[in-house]
Structure formats: C-alpha cells, structure tokens
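*Asks:* This is the structure I want to talk about, given as structure tokens.
The values are calculated or read from the model by the stated rules, or taken from the named source; none is laboratory data. As the structure is a prediction and not an experimental result, all values here were calculated from the model. A quick note on method: Cβ atoms are made from the backbone with ideal geometry, for glycine too, and the neighbour counts reach across all protein chains shown. Each accessible area value is taken on the protein alone, full model and side chains, heavy atoms only, with ligands, DNA and RNA left out. Shrake-Rupley method; radii C 1.70, N 1.55, O 1.52, S 1.80 Å.
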Amino acid sequence: HADFFYCFGGISLVIIILQLTTGVFMTLFYIPKPEDAFDSIIRMSREVPFGWLARNMHRWGATILIATLLTHMFSVFYHKAFQRPRELNWLSGSIMLFVVFLFSITGTILPWNWRAYWVLVIWADYVGTWPVVGEFLKLPILEHFTVGRSFIIHILILPIIAVTVLTLHFKMIKRQGISGPL
C-alpha cells in the first residue's frame, strides 16, 4: 500500500530542478547592482520571451518548495522514519530545509525594491533576538548583506551546499531504501 505522502520528497526534487532551471534563465538577465536590480527584473518580465513565466515559476516555486519540504518532513516524522538507522537522513533533510529558507531569504532580497529592503530589516531584527550572538550579528547583516553578496550566496554558495547535502541524502536513501509504514 503506497501512501500519497511518500511522494513529497520526489515532488520537492522536481521543484528544486524547476528552481534551478528558471534561476539559470533569470541569471542571464539579472543585474546584481542596487540601482539596476529591480529594473532588470521588470525588463526581463516584460521584454524577454517567457521572462514573466520564468520569474513567476521561480517566485511561486520557492513558496511551494517550502510547503512540500515541510509536508515531506511531517510525513517522515509521522511515520517515524527519522529513527535509527535513518538519523542522518533526517539531519540532512533538516539541513536542506534550512538551506531552502536561506535561498528564499536571499532570493527575496535580489530585486532590491521596498519588499526586499523590509525582508532584510525584518530578518536582521529577528536574528537580533537570538540569545548571546543576536545583537553581535544584527549590525553586520544590515551593513554587509548587499544585493551583490546576496546574489553570490544565492547562485553560488547555497547551490554548492544544496547539491552536497542532497547528494548525501540520496546516497543514504539508496543504501537504506525508503522506509515503509510501521
């Protein structure tokens, strides 16, 4: 008997592949400078054939990806598939969810419009509430988290981390198999 919730890992992977595809397409037209970022996105959406489609697929795909990953993790937790011998699968999946959140935050900042500015301020304020390190990190985030740095993190650093984590995740799944219902 197959459970519908077992599909959310695969659905998440398909969305990640779509995110990669649309992201590479948008990178061809995006200008990572504060004064040009928003205009380059608008130009791509209005003037480039299917630019509007790529942008909207990427934007909505990010939200849907978080939803499918949370559903996948809930299902794994519900079926107790995080237990021995699959603890590292759970850990790598949790790391991947965190990486996807970072993708979402850095991606939201890239247009550098009013929304991007406030997302950065809100996240910096949130980090500022963390015990011990929060106040220490808040100011550097606001001072150094520029459009250019966000772009490098979004298109280079996070993809390297994501591919590494997903590779480990899939190797462990291949070795152990997909867990069945208890």
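*Asks:* Could you check how much of the accessible area of the chain is carbon and sulfur, as a whole percent, using a 1.4 Å probe? Don't jump to the answer; show the numbers that get you there.
*Replies:* Values: 8550 of 11710 Å².
The C+S portion of the solvent-accessible surface of the chain is 73 percent.
*Asks:* OK, next. Kindly provide log₁₀ I(q)/I(0) values, in the same order as q = 0.10, 0.15, 0.16 Å⁻¹, from the Debye equation applied to equal alpha-carbon scatterers of the chain.
*Replies:* -0.47, -0.95, -1.03
*Asks:* In deg cm²/dmol and to the nearest 500, what is the mean residue ellipticity at 222 nm of the chain if only DSSP H runs of at least 4 residues count, each as -39500 (n - 2.57), divided by the residue total? Intermediate values should be presented prior to the final figure.
*Replies:* Working: 8 runs with 133 residues, N = 182.
Theoretical 222 nm ellipticity from helices: -24500 deg cm²/dmol.
*Asks:* Run the quick spin-label model on HIS79 and PHE4: label points 7 Å from Cα toward the beta carbon, then report their separation in nm to one decimal.
*Replies:* Label at HIS79, label at PHE4, 1.5 nm between them.
*Asks:* Quick one: grab the alpha carbon gyration tensor of region 17-59, order the square roots of its eigenvalues as a ≥ b ≥ c, and give me rounded if a/c is under 1.5, else prolate or oblate depending on whether a/b is larger than b/c. Show your work: numbers first, answer last.
*Replies:* Values: a/c = 2.22, a/b = 1.44, b/c = 1.54.
Oblate, since a/c reaches 1.5 and b/c is not below a/b.
*Asks:* Hey, another quick one. Using the basic label-point model (7 angstrom from Cα toward the beta carbon), what is the GLU87 to THR129 distance in nanometres?
*Replies:* The modelled label-to-label distance comes out at 3.1 nm.
*Asks:* What nm distance separates the two modelled labels at LYS174 and ILE152, each placed 7 Å from Cα along Cα→Cβ?
*Replies:* Each label point lies 7 Å from its Cα, and together they span 3.3 nm.
*Asks:* Need one number for region 117-179: average projected area of the convex hull over its C-alpha atoms, nm².
*Replies:* On the way: hull surface 25.7 nm².
Averaging across all directions leaves 6.4 nm² for the Cα convex hull.
*Asks:* Would you mind getting the accessible area per residue of the chain, heavy atoms of the protein chains only, 1.4 Å probe, in Å²? Don't skip to the end; give the middle numbers.
*Replies:* Details: 11710 Å² over 182 residues.
It amounts to 64 Å² per residue over the chain.
*Asks:* Compute the separation of the alpha-carbon centres of region 67-123 and region 1-65 and state it in Å as a whole number.
*Replies:* Between the Cα centre of region 67-123 and that of region 1-65, the gap is 16 Å.
*Asks:* Here's something else I'd like to know. Given Cβ point charges of +1 (Lys, Arg) and -1 (Asp, Glu) and nothing else, what value in debye, to the nearest 20, does the dipole of the chain about its Cα centre take?
*Replies:* On the way: 14 positive and 9 negative charges, 113 e Å.
In debye, rounded to 20, the chain gives about 540.
*Asks:* Another question about this same structure. At 0.36 nm per residue, and after removing the present C-alpha to C-alpha distance, how many nm does the segment from ILE122 to ASP39 gain when stretched out fully? Show your work: numbers first, answer last.
*Replies:* On the way: separation 83, 0.36 × 83 = 29.88 nm, distance 2.36 nm.
Fully extending the segment from ILE122 to ASP39 adds 27.5 nm.
*Asks:* Using the membrane-span-like helix rule (whole DSSP H runs, Cα extent along the own axis of at least 18 Å, mean Kyte-Doolittle hydropathy at least -0.5), which helices of the chain qualify? The partial results should precede the final answer.
*Replies:* Values: long enough: 8-27 (28 Å, 1.88); 51-78 (40 Å, 0.62); 87-109 (34 Å, 1.52); 114-128 (21 Å, 0.72); 158-176 (27 Å, 0.94).
Helices meeting the span and hydropathy rule in the chain are 8-27, 51-78, 87-109, 114-128, 158-176.
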